[in-house]
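Written out below as structure tokens is the structure these notes cover.
The values are calculated or read from the model by the stated rules, or taken from the named source; none is laboratory data. These numbers come from a predicted model, not from an experiment. Positions of Cβ are generated from backbone atoms using ideal geometry, with glycine treated the same way; all protein chains shown enter the neighbour counts.
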């Protein structure tokens, strides 16, 4: 080993705790990702890469009034001086700052191809040019006046801003998204007028709650006095959230906002119309949206839609053609909202860096306070900087006035004295700065030394200094000045032009707020099903199938050995079937879910979760709004609405309460004002329908009293029509109410033997 070799010997080994080493290194990486990449600063709403881009553009003097420069030049400066990462990541960030469909208030004014809402990427950086927008200059306002701190760049050769002065609520106005290590952020954009009004309310009432910052009537027309209504997305759309939901999201800093496309009907004459979509949810690629709708159309998952096409130019115009003019447009759109990105939920996760260091989930009030507190700090620092400048200038002016009053002596000292500076200081009691300023004056400037002008400038600066000192001496006056700045900002981006009706190009609110259209959930569900006629066939052993058409022939050979037909009826694929089992539970089966007519079908037990040992009592088509009489084998029952029988799960719904050995026995249509009940003991009883209770669940009331046996059948009828029944040979018998006097009584009576001709099986249909 040489004398100059300082490396450790080969056998030098250090024992390192791997767990501790990994924790330290991963924590370092996580913190770097959180603070230097993914999360925005609550004060200026920017991530480091965006801040560095704007700072580099300022140094390149790319103000809105100046010419454009190649984007490649900007990216090169950002990489070389401030952000040592890949050029593609920086250019992608620059492109997004220029896209008016990505940022509510763009920070970069781009010239060239910067991409589009269809998802097409921007042209290469060598083909595009950029400069700052007015909003970007507001973010940088006062950066040269000691408004913020600077820090050394990665190589120590330059300085970069820690945060921008931000005379614009950029965090909430433009929003932000990002994924860090173990945390993420998602902030939607908002309207700057509403943010300014909320900020003014916070200035006047620092303890204002989130509820007080949210506009009371979200459905009212927009005005310049509006408080926050919710997000205001660059691509517009309609926000369909309740005010309570919006307030809760903003209070906790977490939630989601449901946005929908904006559409209207366009009549084409002769009862034909088309739907025109003019705005789509934020972040949705239009071309991908059209492809998705087309895919669903080809897969026959949109039975109400005939065609979709894109007629967009500069504005969005998607055409949706319904299958027929009779299709309800609201139902069709509800179907599309459910299946496509025409409806989207934008998440809120207001997780940002508090004062640039600590990640924290804020409420919207906290986010606005963070911006306002930053604006106050900037105001104080800029005022102090201006005071220092005024003091330095006043010192020089006082020296100039002395020189003007003693001009000849000053000239003599400069010409004759060896140390003119020391002589001037000694003769006129000047400061070092004053003497230096006098000596640095050019001869031609002497003619400008007019006492009146010097004293006027001195007076104006003295007054300005007094105002600044007065401002800095009072917290109330500082907030008053900030309120004036916020008012001026609000007027710069109004909702309307000077005429009061034309929407302002940049300031006008784009996302409307309203309730979602009301549509029957059942109709929306049916819209997903192609309506076709079918015949439902149920076997004795519980096998079910549904061949297409209403004239399906029932072949006895189609049943398993030892099985046969139990019942069959016609319906459509959009119908719901209700099935009751002996335990009093009712199940709901979609007719479109039934197996086709080929083969022997499937056991109905695999479609619902029937209890072991239970049998099917009845299967029928659900008719909304109708009623049925349900009864147990012991003769207890009640009236139930069919709508209350619908079950949303495979487990069904318990309707009739029975206990062994009793079973659910009957569920018949309730259509009339009289109830006829016949028992297994062949006793018939007729009583008024009014004596029967209407319930949603229970045991019910006694319908007929028996010494032994139980109920056999029930029929409801109108007294004006009389009671009818059918025997086993198909003959129909009818008995007027006047002839039923012997059988009419009160509920729970025993009844009498039925009239002559009544079927021996004790059924109203033989």
Considering only the range 722-733, state which residues are on the phi < 0 side of the Ramachandran plot and modelled with pLDDT of 90 or more.
723, 724
Among residues of the range 324-355, those that are crowded, with 17+ Cβ neighbours inside 10 Å and over 27 Å from the mean Cα position of the chain (by Cα), counted
1
Among the residues of the range 561-585, count how many are more than 16 Å from residue 542 (Cβ to Cβ) and crowded, with 18+ Cβ neighbours inside 10 Å.
6
Answer yes or no as to whether residue 130 is buried (at least 24 other Cβ atoms within 10 Å of the Cβ) and either without any contact (Cβ under 8 Å) to a residue 40 or more places away in the chain or part of a strand (DSSP E or B) (or both).
yes
Identify, please: which residue in the range 703-722 is free of Cβ contacts under 8 Å to residues at least 60 places away in the same chain and part of a loop (DSSP other than H, G, I, E, B) and is, among those, surrounded by the most Cβ atoms within 10 Å (Cβ to Cβ)?
719
Output the residues belonging to the range 748-766 that are touching a strand residue (DSSP E or B) at 6+ places or on another chain (Cβ under 7 Å) and more than 17 Å from residue 681 (Cβ to Cβ).
757, 765, 766
Quick one: is residue 356 closer than 30 Å to residue 277 by Cβ, in a loop (DSSP other than H, G, I, E, B), outside the structural domain of residue 144 (by TED's automatic domain parsing) and touching a strand residue (DSSP E or B) at 6+ places or on another chain (Cβ under 8 Å)?
no
Complete set of residues in the range 492-503 that are part of a loop (DSSP other than H, G, I, E, B), touching a strand residue (DSSP E or B) at 6+ places or on another chain (Cβ under 9 Å) and surrounded by 15 or more Cβ atoms within 10 Å (Cβ to Cβ)
495
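Checking the structure you have, find out if any residue of the range 369-376 is out of contact with any strand residue (DSSP E or B) (no Cβ under 7 Å at 6 or more places or on another chain) and at pLDDT below 90. Walk me through it before giving the result.
Kept after step one, since they are out of contact with any strand residue (DSSP E or B) (no Cβ under 7 Å at 6 or more places or on another chain), are these residues of the range 369-376: 369, 371-376.
Now restrict to residues that are at pLDDT below 90: none.
Checked the range 369-376: no residue is out of contact with any strand residue (DSSP E or B) (no Cβ under 7 Å at 6 or more places or on another chain) and at pLDDT below 90.
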Test: residue 658 is touching a strand residue (DSSP E or B) at 6+ places or on another chain (Cβ under 9 Å), assigned to a loop (DSSP other than H, G, I, E, B) and either in contact (Cβ under 8 Å) with a residue 60 or more places away in the chain or closer than 12 Å to residue 713 by Cβ (or both)
yes
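Assess whether residue 394 counts as being touching a helix residue (DSSP H, G or I) at 6+ places or on another chain (Cβ under 9 Å) and touching a residue at least 12 places away in the same chain (Cβ under 8 Å).
Numbers: touching a helix residue (DSSP H, G or I) at 6+ places or on another chain (Cβ under 9 Å): yes; touching a residue at least 12 places away in the same chain (Cβ under 8 Å): yes.
Yes; evaluated as a whole, the condition is true for this residue.
Matching residues to (1) surrounded by 16 or more Cβ atoms within 10 Å (Cβ to Cβ); (2) under 26 Å from the mean Cα position of the chain (by Cα); (3) under 30 Å from residue 313 (Cα atoms):
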{"position": "83", "(1), (2), (3)": "yes, no, no"}
{"position": "93", "(1), (2), (3)": "yes, yes, yes"}
{"position": "102", "(1), (2), (3)": "yes, yes, yes"}
{"position": "112", "(1), (2), (3)": "yes, no, yes"}
{"position": "118", "(1), (2), (3)": "no, yes, yes"}
{"position": "122", "(1), (2), (3)": "yes, no, yes"}
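Please go through the range 723-766 and give me each residue that is touching a helix residue (DSSP H, G or I) at 6+ places or on another chain (Cβ under 7 Å) and either crowded, with 16+ Cβ neighbours inside 10 Å or assigned to a helix (DSSP H, G or I) (or both), ordered by number. Let's see the steps before the verdict.
Taking the range 723-766 and keeping what is touching a helix residue (DSSP H, G or I) at 6+ places or on another chain (Cβ under 7 Å), we get 723, 746-747.
Correct list: 723, 747.
Which count do you get for residues in the range 287-307 that are part of a helix (DSSP H, G or I) and either over 24 Å from residue 115 (Cα atoms) or assigned by TED's automatic domain parsing to the domain that holds residue 119 (or both)?
To start, the set of residues in the range 287-307 that are part of a helix (DSSP H, G or I) comprises 287-298.
When the remaining residues are screened for being either over 24 Å from residue 115 (Cα atoms) or assigned by TED's automatic domain parsing to the domain that holds residue 119 (or both), the result is 295-298.
Of the residues in that region, 4 qualify.
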For the range 179-191, indicate whether the set of residues that are crowded, with 21+ Cβ neighbours inside 10 Å, farther than 22 Å from residue 354 by Cβ and touching a residue at least 60 places away in the same chain (Cβ under 8 Å) is non-empty.
yes
Would you call residue 611 exposed (fewer than 15 other Cβ atoms within 10 Å of the Cβ), at pLDDT below 90 and under 26 Å from residue 632 (Cβ atoms)?
yes
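Within the range 562-579, can you find the residues that are assigned to a loop (DSSP other than H, G, I, E, B) and either in contact (Cβ under 8 Å) with a residue 40 or more places away in the chain or in contact with a strand residue (DSSP E or B) (Cβ under 8 Å, 6 or more places away or on another chain) (or both)?
563, 564, 573, 574, 575
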Looking only at the range 586-597, which residues are without any contact (Cβ under 8 Å) to a residue 40 or more places away in the chain and either part of a loop (DSSP other than H, G, I, E, B) or buried (at least 16 other Cβ atoms within 10 Å of the Cβ) (or both)?
589
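Suppose we filter 53, 79 for residues that are crowded, with 23+ Cβ neighbours inside 10 Å, over 25 Å from the mean Cα position of the chain (by Cα), assigned by TED's automatic domain parsing to the domain that holds residue 154 and not in a loop (DSSP other than H, G, I, E, B); which single one remains?
Numbers: 79 fails: crowded, with 23+ Cβ neighbours inside 10 Å.
Criteria check complete, one pass: 53.
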Within the range 403-420, can you find the residues that are closer than 21 Å to residue 459 by Cα and crowded, with 17+ Cβ neighbours inside 10 Å?
403, 404
